[in-house]
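Trainee: Just dropping this structure here.
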Amino acid sequence: MAGLEIMNLQNTSGRRGCLFYGGLVAGVFLLLLLLGLAFGISMAKKLRTQFTDAAPVPLPRSEITTTEYQSLQRRLNSFMGSLNRGDIPPPLELSAQDLNALIDQDDHLKILRGKLHVMLDGDRASGQLSIPMAEIGLPVFRDRYLNAVAKFHVSLRDGSLKLAATNITVHGASLPKIYVDEISQVNLGSALNTNAAARPFLDRIGAVQITNSHVRIIPKGG
């Protein structure tokens, strides 16, 4: 009998020990979960107050003259006309002033108006952004704006243009990588890819390069 009582006592102690350690592990996981939640909330508050604004900021407008814009339109029409005829024209080169003028005045690019101001330096593209957070993959901040300076990765594949923001700076501070990674997945050129007027044009383009502070648009076969 004494042996049974000792065995029962040992079994009971073992079960209590298992329950104790199981509860301890569960408590640790719960603590980590709460700490992670608190950290996430803290990061979200920091993003909201330090890296977003309640309103958009006005971006610089192109200073192109009427004569210069008319010349730009003629170059575009000539390039697109050659493509429509099945010819292979020389590459079309556009400066930052050209691109900003088109954003400001061309209805095909009005989706970017007031949201993007392009800057080109050698083989690098960057720009000023003023975009609602909901449009760049962070709808939780839908009432806030990202007013920033960003570098861009530009590419063209199978007729689809991709313009992705990287290395984003807001008020002189770098945006945390976790948010940059999310924003970089948003294609700022997607509106052109689905634009009925732009679609035939993109289908005839072989490559887009940035060189000598210009965007170089190379037709297929060119």
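Any read-out appearing in this document is the output of simple, stated calculations on the displayed coordinates, not a laboratory observation. These figures come from a predicted structure and were not determined experimentally. Cβ coordinates were reconstructed from backbone atoms using ideal geometry, including for glycine residues, and neighbour counts include every protein chain displayed.
Trainee: Please give me the summed charge of the neighbours of ASP203: other residues whose Cβ is under 13 Å from its Cβ, Lys and Arg +1, Asp and Glu -1.
Mentor: Residues close to ASP203 contribute a combined charge of +3.
Trainee: Can I ask one more? Going through the cross-link list LYS115/LYS151; LYS177/LYS220; LYS115/LYS177, which pairs have a Cα-Cα distance over 26 Å in this structure? Could you put the intermediate results ahead of the total?
Mentor: Numbers: LYS115/LYS151 15 Å; LYS177/LYS220 36 Å; LYS115/LYS177 22 Å.
Distance filter (> 26 Å) returns LYS177/LYS220.
Trainee: Something else about it: For ASN84 and THR169, compute 0.36 nm times the residue count separating them, minus their Cα-Cα distance, and round to one decimal in nm. Intermediate results must be reported in sequence, preceding the final value.
Mentor: Values: separation 85, 0.36 × 85 = 30.60 nm, distance 4.07 nm.
Stretched out fully, the ASN84 to THR169 stretch lengthens by 26.5 nm.
Trainee: Next question. Using the Kirkwood formula over every pair of different C-alpha atoms, what hydrodynamic radius in Å results for segment 66-219?
Mentor: Details: mean 1/r = 0.0610 Å⁻¹.
Roughly 16.4 Å, rounded to one decimal.
Trainee: Next up: Within segment 59-94, report the GluC sites (Glu not before Pro) that DSSP leaves as loop and that have at most 12 other Cβ atoms within 10 Å. Don't skip to the end; give the middle numbers.
Mentor: Numbers: sites: GLU63, GLU68, GLU93; in loops: GLU63.
Passing both the DSSP loop test and the Cβ count: GLU63.
Trainee: Please give the Cα centre distance for segment 46-103 versus segment 171-222, rounded to the nearest Å.
Mentor: Between the Cα centre of segment 46-103 and that of segment 171-222, the gap is 12 Å.
Trainee: Still on this structure: Pop a pseudo-label 7 angstrom from the Cα along the beta-carbon direction at both GLN128 and THR65 and give the gap in nm to one decimal.
Mentor: Taking the simple label geometry, GLN128 and THR65 are separated by 2.4 nm.
Trainee: How about segment 136-209: which trypsin sites (Lys or Arg not before Pro) there are in a DSSP loop, with at most 10 other Cβ atoms within 10 Å of their Cβ? Working shown, then result.
Mentor: Details: sites: ARG142, ARG144, LYS151, ARG157, LYS162, LYS177, ARG204; in loops: ARG142, ARG144, ARG204.
Loop-located and lightly packed - ARG142.
Trainee: While we're on this one: For ALA191 and SER155 in one chain, what is 0.36 nm times their gap in residues minus the Cα-Cα distance, to one decimal in nm? Show your work: numbers first, answer last.
Mentor: Details: separation 36, 0.36 × 36 = 12.96 nm, distance 1.48 nm.
Length gained, ALA191 through SER155: 11.5 nm.
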